[in-house]
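These notes concern the structure reproduced below.
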Amino acid sequence: MLDVRDYYLGLYYHAHFEGKAEWTLDEAMVPHYRTVLPGHNSVAWLLWHNARGEDWAIQTILQGREQLLTREGWGERMGITYPGFGGGMTREEMIALSEQIDLEALRGYYTAVAEATQACMSTFDFDTLNTPFDVQSRLALAPEAQGPSPFHRRHFPTWTAPRTWVNVFTIMDVTLHMADADHVLNLLVPDREVD
């Protein structure tokens with residue numbers, strides 16, 4: 001019988017590396033990452049946003065550790081100094097990030113965050129998913145990571161159980177934004193071959 005950990009790790013892998021994610025991460029799609037279509041975020045921004053949110057949520061909020069962004073120098077490698085994860089970012093900021101981010105480093109960061117999350121969740125005690133923890137002290141470790149969004153600043157302090165952070169930042173948000181990336185790429189490469 002499949003246990004909770006195996007089920008989660010299967011969902012995680014699918015959301016990050018299979019289906020729409022697999023095509024989005026395909027090397028052939030990289031030339032399209034910076035393109036910003038009217039009414040859409042760029043694929044580069046979507047991948048950065050997923051990785052940034054997950055890095056902060058799992059490394060800092062869940063584990064109380066420094067984010068990979070700063071601990072391993074990914075911000076410098078990507079050429080991005082924006083400390084948040086993109087919530088509340090203006091369209092102009094999104095476009096600027098899309099234009100300046102180092103795409104090879106972005107792909108490396110995405111992979112590094114995924115590997116770190118999988119390592120964390122491979123040993124995580126899933127019996128504690130609903131156990132409240134001191135989220136205020138974890139938010140204080142990297143307050144700039146919350147970004148400028150009043151909505152996030154109001155609601156993050158109420159997310160006092162690991163379940164919310166894990167669900168939102170490693171499954172739901174990733175699935176949503178990989179679908180966004182897939183849509184953008186379908187508009188840019190309508191004749192692509194799909195397996």
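Taken together, the values in this text are just the output of simple stated rules run on the coordinates, not laboratory data. Values in this document were obtained by computation on a predicted structure and should not be read as measured data. Cβ coordinates were reconstructed from backbone atoms using ideal geometry, including for glycine residues, and neighbour counts include every protein chain displayed.
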- Mean-square fluctuation maximum in Gaussian network of the chain, Cα pairs under 10 Å, restricted to HIS49, HIS16, HIS152, hits HIS152
- Per-residue ellipticity at 222 nm attributable to helices in the chain (runs of n ≥ 4 DSSP H, -39500 (n - 2.57) apiece, nearest 500 deg cm²/dmol) works out to -15500 deg cm²/dmol
- Calculated volume of the Cα convex hull per residue in Å³ (choose from (i) 112; (ii) 149; (iii) 161), label: (i)
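Projected area of segment 7-64, taken from the Cα convex hull and averaged over every viewing direction, in nm²?
Numbers: hull surface 20.0 nm².
Mean projected area for segment 7-64: 5.0 nm², to one decimal.
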- Note on the structure: Proxy exposure order for TYR13, TYR8 (fewest C-beta within 10 Å first) is TYR13, TYR8
- Message: Please list, by residue number, every one of the chymotrypsin sites (Phe, Trp or Tyr not before Pro) in segment 94-145 that is coil in DSSP and has at most 16 other beta-carbon atoms within 10 Å.
- Response: PHE133
- If you line up the long axis of helix 43-54 against the longest principal axis of the chain, both from Cα atoms, how many degrees apart are they, to the nearest 10? 10 degrees
- Query: Taking Cα pairs under 8 Å and at least six residues apart, what relative contact order does the chain come out at, in percent?
  - Reply: 34 percent
- Note on the structure: Whole-Å distance linking the alpha carbon centroid of segment 172-193 with that of segment 111-129 is 26 Å
- Note on the structure: Given 25 °C, 0.890 mPa s and a Kirkwood radius over Cα pairs, the Stokes-Einstein diffusion coefficient of segment 1-115 in µm²/s is 165 µm²/s
- Item | Unit charges on C-beta of K, R, D, E only; dipole of the chain, Debye | 700 debye
- Per-residue HN-Hα couplings for segment 183-191 [Karplus 6.51, -1.76, 1.60; θ = phi - 60°; Hz; x = Gly/Pro]: 4, 4, 5, 4, 5, 7, 10, x, 9
- Tell me, what HN-Hα J-couplings in whole Hz come from the Karplus equation 6.51 cos²θ - 1.76 cosθ + 1.60 at θ = phi - 60° for each residue of segment 108-120, using x for Gly and Pro? x, 5, 4, 5, 4, 5, 4, 5, 5, 5, 4, 5, 4
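Where does each of ARG77, ARG192 land when they are ranked from fewest to most other beta-carbon atoms within 10 angstrom?
Lowest to highest Cβ neighbour count: ARG192, ARG77.
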- Please turn the phi angles of segment 22-29 into ³J(HN,Hα) values with the Karplus equation 6.51 cos²θ - 1.76 cosθ + 1.60 (θ = phi - 60°), one per residue in order, whole Hz, x for glycine and proline. 4, 5, 4, 7, 4, 3, 5, 8
- Where the centroid of each part is defined by its Cα atoms, how far is segment 5-70 from segment 131-160 in Å? 20 Å
